[in-house]
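Report on one structure; see the data block that follows.
The values are calculated or read from the model by the stated rules, or taken from the named source; none is laboratory data. Predicted, not measured: the structure shown is a model, and the values here were computed from it. Cβ placement follows ideal geometry from the backbone for every residue including glycine, while neighbour counts extend to all protein chains displayed. Each accessible area value is taken on the protein alone, full model and side chains, heavy atoms only, with ligands, DNA and RNA left out. Shrake-Rupley method; radii C 1.70, N 1.55, O 1.52, S 1.80 Å.
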Amino acid sequence: MHGLLGNPEGWFDAASALADSGYRAIVPYLHIQQMPRSQANIQGIVDFVRSFTKFLDLDQIILCGNSLGGQVAIRYTTDCPGTVVALLLSGSSGIFETEVGTTTFRRHDRDYIRLKAARTFYSPKMVTDELVERIYDIATNRSSALRTIWAARSSMRDLIIDELDDLDMPTLIIWGTEDQITPPEVAHIFHELLSNSELHFIEKCGHAPMMEHPDVFNKLMLEFLNCKISKITAPV
């Protein structure tokens with residue numbers, strides 16, 4: 001699951017690697033910017049994911065989440081005990097994020113948007129014109145921008161740190177050493193509180209390791225799954 005301003009494409013490399021290894025990989029679009037106001041929050045997104053998994057008749061799943069997607073994955077796990085057999089968290093929110101909602105966002109300024117987007121990655125090459133335009137379209141659409149703000153505020157309020165002690169499923173934590181949004185100390189807190197977790201850092205990597213270093217990310221992911229989890233394959 002992607003983050004607040006992310007989209008499914010960020011997980012396509014990981015999904016392809018999973019499919020090539022015989023796993024069934026599903027990458028949902030969380031459509032945060034199109035949700036009704038009452039649902040543009042963490043619980044509303046969790047409820048959407050629950051309806052999605054129910055529609056697909058998924059009762060035993062491995063949840064992977066980056067940024068806000070990781071926070072949603074943890075809240076889903078606590079809301080639906082017994083259905084999540086493993087977790088993969090990367091740059092997950094829900095404990096601490098830097099500067100979220102604390103500064104004025106100049107939404108009509110593409111240069112400013114590019115500067116803010118650059119904080120997501122270690123390599124400037126990741127901040128493409130396409131990415132800037134996608135964020136610009138969200139920022140300059142009043143309806144989309146408001147829903148983004150509501151979801152961001154909900155993420156700051158609906159912290160999941162108190163629930164982590166209760167989760168004992170295998171959990172893989174993959175983090176960028178240069179993550180400026182959820183710094184490395186956040187990864188250490190997740191690792192300390194999740195009793196059955198393993199933590200890996202990727203060097204020269206920011207907030208979205210599955211995008212910035214897909215080969216390293218996928219290797220860690222597949223090694224973890226092959227060791228810990230029986231394969232969940234697509235139906236014949």
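A few notes on this one:
- Taking a ≥ b ≥ c as the square roots of the Cα gyration tensor eigenvalues, the stretch 56-192 comes out prolate, since a/c reaches at least 1.5 and a/b is larger than b/c.
- Rolling a 1.4 Å probe over the protein heavy atoms gives the chain an accessible area of 49 Å² per residue.
- Extension gain from PHE201 to MET156, taking 0.36 nm per residue of separation minus the Cα-Cα distance: 13.8 nm
- Farthest toward the positive end of the dipole of the chain, out of GLN43, ILE138, GLY69, is the Cα of ILE138, where the dipole comes from beta carbon charges about the Cα centre.
- Computed from backbone phi, the HN-Hα couplings of the stretch 147-161 come to 5, 5, 5, 4, 5, 5, 5, 5, 4, 6, 7, 8, 5, 10, 4 Hz, rounded to whole numbers (Karplus: 6.51 cos²θ - 1.76 cosθ + 1.60, θ = phi - 60°; Gly and Pro given as x).
- Of LYS116/LYS228; LYS125/LYS219; LYS204/LYS228, pairs whose Cα-Cα distance is over 32 Å: LYS116/LYS228
- Rounded to the nearest 20, the Cβ-based charge dipole of the chain about its Cα centre (Lys and Arg +1, Asp and Glu -1) stands at 800 debye.
- Spacing of the two label points (7 Å from each Cα toward its C-beta) at LEU58 and THR128, in nm: 2.5 nm
- Rounded, prolate or oblate (a/c below 1.5 giving rounded, otherwise prolate when a/b exceeds b/c) for the stretch 116-197 by Cα gyration tensor: oblate
- By accessible area, using a 1.4 Å probe on protein heavy atoms only, the chain has 52% of its surface on carbon and sulfur.
- Seen from all directions on average, the chain presents a Cα convex hull projection of 12.0 nm².
- Placing +1 on the Cβ of every Lys and Arg and -1 on the Cβ of every Asp and Glu, with nothing else charged, gives the stretch 108-234 a dipole about its Cα centre of roughly 560 debye.
- In degrees, nearest ten, helix 214-228 long axis to first principal axis of the chain (Cα): 30 degrees
- Prolate/oblate/rounded label for the stretch 167-236 (Cα gyration tensor, a/c 1.5): oblate
- Residue-by-residue Karplus 3J(HN,Hα) for the stretch 19-27, coefficients 6.51, -1.76, 1.60, Hz, glycine and proline x: 4, 5, 9, x, 8, 8, 10, 10, 10
- The helix-based estimate of mean residue ellipticity at 222 nm for the chain, built from -39,500 (n - 2.57) per DSSP H run of four or more residues and divided by its residue count, is -13000 deg cm²/dmol to the nearest 500.
- Computed from the C-beta positions of ILE149 and CYS227 and an R0 of 41 Å, the FRET efficiency is 0.50 to the nearest 0.05.
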